[in-house]
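Below: the structure, in structure tokens.
Just so you know, all these numbers are worked out from the coordinates, no wet-lab data involved. As the structure is a prediction and not an experimental result, all values here were calculated from the model. Every residue, glycine as well, gets a Cβ built from its backbone with ideal geometry; the counts of neighbours run over all protein chains shown.
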Amino acid sequence: MPSANAAAPPLPTPTPDELDDLIYFSRVGDLDSLKEVVTNLCATHSCPPSVIVASAIDVDEDGLGSQSSLLHYPAANGNLEIVKYILGLLTPSDALGSSVGATTADKSAPSLVNHKNVNGNTPLHWAGMNGHLEVVKALVGAGADPGIANAAGRDAVFESEISAKEGASECAEWMLKECEGLEKGVGVGHEEGEAAQEDVDSMGQEEASTSENGTAHTATAEKAT
């Protein structure tokens, strides 16, 4: 029987191609392909889906990258179907999640809903800034904390309030009304919210292309800063 002080098993490390596939399909909203990749990786690494999702952070070979989780991309795009699928994977079974032998990733997987990227933004920041109210509701329902501040000192409510995106103000209003303990957004003032708007605009729209034989794919990602 494993000791309570035993080191947690190392996380599975997706290859660059596997990570690219996970990120790509979560970005463009290809649910069937995303499910297939997750299923295959679970078989390869003999681990539950929550561990695969927990290990799929956008980091390059130099340890840099956006550091976004798989939730960030569909949250930014307003893809509720993908968001709900990933949230469902982040709930480990009671038996596994509480066992001594459970991996660190499996125990901490639910906390990924509040994972910060390199600029301190959570999936909720991205969803709110882009005006995706149903995604905001799903994230908050799964434990997303609207009071978390990003690297600029702004929480999801404040970012939503100063965003010029359609629906963003409704996201802020909903969070203030429905989330306990919130009275107003928290953030450092910016002139007319220009900095936040640049963050939102930098996401742009996803563009996907395939090679002539249809076997390769590339994507221009929406990445908030």
Exercise. If you plug each phi of the stretch 24-36 into the Karplus form 6.51 cos²θ - 1.76 cosθ + 1.60 with θ = phi - 60°, what whole-Hz ³J(HN,Hα) values come out, in order, with x for Gly and Pro?
Worked result: 4, 5, 6, 5, 8, x, 8, 5, 4, 5, 5, 4, 5
Seminar exercise, completed: For W174, W126, ascending order of other Cβ atoms within 10 Å (fewest first) is W174, W126
Exercise. Taking θ as phi - 60°, what are the ³J(HN,Hα) couplings along the stretch 143-159 by the Karplus curve (6.51, -1.76, 1.60), each to the nearest whole Hz, with x for Gly and Pro?
Worked result: x, 5, 9, x, x, 5, 8, 8, 5, 8, x, 10, 8, 5, 5, 4, 4
Exercise. Quick one: which of 39-48, 127-136 comes out on top by average Cβ neighbours within 10 Å, and what's the full order, highest first?
Worked result: 127-136, 39-48
